[in-house]
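So the structure is just underneath, and the comments pick up after that.
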């Protein structure tokens with residue numbers, strides 16, 4: 001979801017590279033090309049959504065970009081020829097094409113053209129696009145598992161390498177996801193581009209639950225986050241993770257990145273994992289993350305309430321099939337109720 005707050009400038013550190021960190025960085029420096037095999041993508045007829053947005057099939061290539069793919073590739077690789085172009089499962093917030101390019105010399109290249117667009121609940125597309133490109137430049141240079149950024153075409157279009165992998169969860173997925181998120185949060189902020197701040201769930205909870213007069217006293221009793229701001233992915237869920245041979249190949253879609261309280265990423269992942277694979281995996285993910293980071297989880301129920309309430313607020317606009325929408329609402333409402341109980345709040349009267 002969009003993460004509110006002002007922008008600040010931070011400092012830098014590289015992605016972990018030592019042998020002792022191999023468990024969380026295995027495969028990060030391996031370069032793949034993203035498959036367009038339909039079996040490796042969410043089905044075109046079923047949209048896959050999460051608290052931060054929606055993945056939906058793009059129906060026609062001509063809908064995707066106002067500037068043609070060949071013209072964009074000319075800016076990156078003069079004289080290269082686009083030999084294949086097809087929509088990928090992109091989203092409401094970004095329109096995505098997979099292109100195959102034959103340069104005048106050298107091997108064929110497989111790239112992704114990603115154009116941001118304005119949608120309700122997110123910041124201006126131009127800001128998101130420029131910020132995402134700048135962040136990818138920084139993270140890729142540290143060895144992080146992100147697509148290599150190739151070109152930013154103002155005001156809103158990114159050209160990136162294509163990564164091969166599957167969003168299907170591997171064995172031991174909860175542990176691997178917790179390790180990946182802990183590694184993101186351990187990134188030294190030196191050199192990062194200016195990012196929004198997300199360190200207080202109160203405003204969002206009041207926005208999405210305006211009828212709850214009892215929230216103010218409960219939220220006032222939550223200790224504020226006093227740790228150092230960490231890099232937040234902003235939309236860490238299974239659909240933004242690509243796996244290959246049981247290892248993490250890439251973390252995608254950094255448009256909602258921010259800095260602040262790491263538990264907002266944990267909460268986002270928890271509700272999405274619960275929707276995708278059940279509560280047991282979500283709780284295993286949380287336990288492993290907390291063991292790895294020694295984070296204080298006192299604020300986690302408030303962030304759980306923030307994420308689940310936001311998801312329920314936007315979910316009807318995600319384009320889900322009726323059965324999928326009903327199942328997701330049921331799981332998310334249960335997560336919301338559990339968060340309320342943990343905070344000492346009565347369940348919503350509509351539940």
Calculate, in nm to one decimal, what residue 67 and residue 330 gain on full extension: separation in residues at 0.36 nm each, minus their alpha carbon distance.
90.5 nm
Only residues of segment 199-233 count here: report those whose backbone N is under 13 Å from the spot 7 Å along Cα→Cβ of residue 346, or say none.
212-215
Working note, segment 286-351: Cα radius of gyration (Å, one decimal) and Dmax (Å, whole number) are 13.8, 40
Consider a paramagnetic label point 7 Å from the Cα of residue 83 along Cα→Cβ; state which residues of segment 145-181 have an amide N under 17 Å from it.
162
Tail fraction, Cα-Cα pairs, segment 173-342, threshold 25 Å, whole percent:
31 percent
What percent antiparallel are the DSSP beta bridges of segment 173-342, to the nearest 5?
80 percent
Just need the Rg to Rh number for segment 186-251, please, alpha carbons only, Kirkwood Rh.
1.10
Under a no-solvent Debye model with one identical scatterer per Cα of segment 220-293, what's log10 I(q)/I(0) at q = 0.15, 0.25, 0.28 Å⁻¹?
-0.58, -1.31, -1.35
Simple SL model, points at 7 angstrom along Cα→Cβ for residue 105 and residue 141; separation in nm is 2.9 nm
If a/c stays under 1.5 just call it rounded; otherwise compare a/b with b/c (prolate if a/b is bigger, oblate if not). Do that for segment 87-152, with a ≥ b ≥ c from the square roots of the Cα gyration tensor eigenvalues.
oblate
Stretch gain in nm, segment residue 213-residue 280, where the contour uses 0.36 nm per residue and the Cα spacing is subtracted:
20.9 nm
Least to most buried among 279, 171, 118, by other C-beta atoms within 10 Å and fewest first, runs 171, 118, 279
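Every number here is computed from the coordinates shown, using simple stated rules; none is lab data. None of these values were measured; they are calculated from a predicted model. Cβ: placed from backbone, ideal geometry, glycine included. Neighbour counts: every protein chain shown.
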